[in-house]
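> First the structure, which I've put down as structure tokens, then a few questions once you've had a look.
The values are calculated or read from the model by the stated rules, or taken from the named source; none is laboratory data. Model, not experiment: these values are computed from the prediction. Cβ: placed from backbone, ideal geometry, glycine included. Neighbour counts: every protein chain shown. SASA here: full protein model, heavy atoms, side chains in, ligands and nucleic acids out. Shrake-Rupley method; radii C 1.70, N 1.55, O 1.52, S 1.80 Å.
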Amino acid sequence: AYHVMLDVAPGVEVFGHLLLPRGVRGPTAAVVVQHGVNSLPDDITGVGHPKEACYHQVGRHLAEHGYVVFAPLITHYYFGPSSNACKPVQDEVLQGDAVGLNRIAMVAAKTQRIVDFLQTLPMVHPDRIGYYGLSYGGHSAIWNAPLVERLKVTVVSGNFNDQRAKLTSNTEGTSYLLHPY
């Protein structure tokens, strides 16, 4: 397991956990596994977690089955008591605005950079890279599928709900309008 920081553009970086399977012989498939709201790459990989968390360390299990795994911190939403709770999201939006892009474009740019990186690794087959989005990571997966053409397969696990209510309702408890980002 490795902590990796990649430059995307001036002032824009993407951090993640890279898991390399043991005993890999020759190039193998890689999977970018994106967590959801209020989670971190640790929840995907199990790095630093003594027991399984909300995502059952799916990244660790994929690595145990021979996949190279990159669990990024592309979008991070933290709904907590801190006055800086939504700062990472605000930073991402501001970075996108500075270069004339929206937040999803920044997610796609970061994912493109991750794919660039994975394709340089000798143990990764450059034409066998997929994306697995869990929960709100499923939202990223929906958008990344057509925008990041080198992804050969995309799994959307979560984010299946009434999007209109999720985006615009001021009465539904799961609406993004009721969260501080």
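> Being in a strand (DSSP E or B) and either open to solvent by 70 Å² or more (accessible area, probe 1.4 Å) or out of contact with any helix residue (DSSP H, G or I) (no Cβ under 9 Å at 6 or more places or on another chain) (or both): is that true of D7 here?
Working: in a strand (DSSP E or B): yes; either open to solvent by 70 Å² or more (accessible area, probe 1.4 Å) or out of contact with any helix residue (DSSP H, G or I) (no Cβ under 9 Å at 6 or more places or on another chain) (or both): yes.
When the stated conditions are applied, D7 passes them.
> Separate question: Are there any helices (runs of 4 or more DSSP H) wholly within the range 78-168 with 2 or more residues that are out of contact with any helix residue (DSSP H, G or I) (no Cβ under 8 Å at 6 or more places or on another chain) and modelled with pLDDT under 85, and if so which? If you could, list the steps in order and put the result at the bottom.
On the way: elements: 87-98, 103-120, 136-147, 163-168.
Filter on the range 78-168 gives 87-98, 136-147, 163-168.
> Please tell me if E13 is loosely packed, with under 15 Cβ neighbours inside 10 Å and under 14 Å from the mean Cα position of the chain (by Cα).
Numbers: loosely packed, with under 15 Cβ neighbours inside 10 Å: yes; under 14 Å from the mean Cα position of the chain (by Cα): yes.
The answer is yes for E13.
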